[in-house]
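Scroll down for the structure; my scribbles are underneath it.
FYI, it's all coordinate maths here, none of it is from the lab. Remember, it's a predicted structure, so these values are computed and weren't measured experimentally. Cβ atoms come from the backbone with ideal geometry, glycine included; neighbour counts cover every protein chain shown.
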Amino acid sequence: MYIPKYFKVTNVDEISGFIQKNSFGTVITTEQGKPIATHLPMALKKKDEDYYITGHMAYGNLQWKTFEHCDNVLVMFQGPHAYISSSWYGHEEVPTWNYQAVHIYGKASIIEKEELIEDLTIMLEKYEENRENPVLWDKLSPRLLENQLKGIVGFKIKVGEVQAAYKLSQNRNEADYINIIDQLQNEGKPEMAEVMEKRLKNHK
């Protein structure tokens, strides 16, 4: 991923938090030179000194079979993004687009049933914990769970190279930056406005 110096992110905790918040990503591999992509909810885990991306896909999705011969699997996570009009600047300029993205390269492998169950249990807890009637692993019938497990394949990707870019108008002066935040709010893009506002507060 091309990352100008203004927009490069290297802080491990910041990148980890971003992935946890924006955990629906894209897994990309190749089959005979042709790119294959699947969109999935995933998680970032640390074991000893290594980081792993974990997830699962349908057994019928044959992309999992490409893991064996792909030395580098690419996983992409994307955060808020928004069009930035150059009319929001105090000088003549061209429009652009703000975004947050993390690319991770690593070697993938298939995980065993017990590890898959552990991952699924944690995933349900993450997305169900704030619900009135949470659907958790131990509340579902064993028969249903066994049937569902037969239809999916769990995987983990050992994190190798990490590329992270937050293009948030860091190269603009403060007056333009604040005006961009206001204009994003007016145009119904509160997520990008909030990210930019948080960055501004953290760098004062």
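Shape of the stretch 92-204 from the C-alpha gyration tensor: prolate (a/c of 1.5 or more and a/b above b/c, with a ≥ b ≥ c the square roots of its eigenvalues).
Angle of helix 113-128 to the longest C-alpha principal axis of the chain, folded into 0 to 90 degrees and rounded to 10: 40°. Restriction of the GluC sites (Glu not before Pro) in the stretch 91-135 to DSSP coil positions whose beta-carbon has at most 13 other beta-carbons within 10 angstrom yields GLU92, GLU112, GLU129, GLU132.
The Kirkwood radius of the chain, taken over pairs of alpha-carbon atoms, gives through the Stokes-Einstein law at 10 °C and 1.306 mPa s a diffusion coefficient of 83 µm² s⁻¹. Calculated FRET efficiency, LEU136 to GLU31, Cβ-Cβ distance, R0 = 35 Å: about 0.45 to the nearest 0.05. If the limit is 20 Å between Cα atoms, which of LYS45/LYS107; LYS65/LYS158; LYS45/LYS126; LYS8/LYS158; LYS8/LYS189; LYS5/LYS46 go over it? Beyond 20 Å: LYS8/LYS158; LYS8/LYS189; LYS5/LYS46.
The loop-placed trypsin sites (Lys or Arg not before Pro) in the stretch 119-177, going by DSSP, that have at most 16 neighbouring Cβ atoms within 10 Å of their Cβ come out as ARG131, LYS150.
When shorter helices are ignored and each DSSP H run of at least 4 residues is given -39500 (n - 2.57), the per-residue value for the chain at 222 nm works out to -9000 deg cm²/dmol. For the chain, the longest principal axis of the Cα atoms and the long axis of helix 190-202 meet at an angle of about 70 degrees. Converting phi to 3J(HN,Hα) with the Karplus coefficients 6.51, -1.76 and 1.60 and the offset θ = phi - 60°, the stretch 131-136 yields 8, 5, 10, x, 9, 10 Hz in sequence order, with x at every glycine or proline. One decimal place: the segment GLU68-ILE122 gains 16.9 nm when fully extended, by the rule 0.36 nm per residue minus the C-alpha distance. For GLU93, no residue whose modelled amide H falls within less than 5 Å of its own remains once neighbours fewer than 5 places apart on the same chain are excluded.
Quick one: helix 12-21 against the long Cα principal axis of the chain, what's the angle to the nearest 10°, folded into 0 to 90? That works out to roughly 70 degrees.
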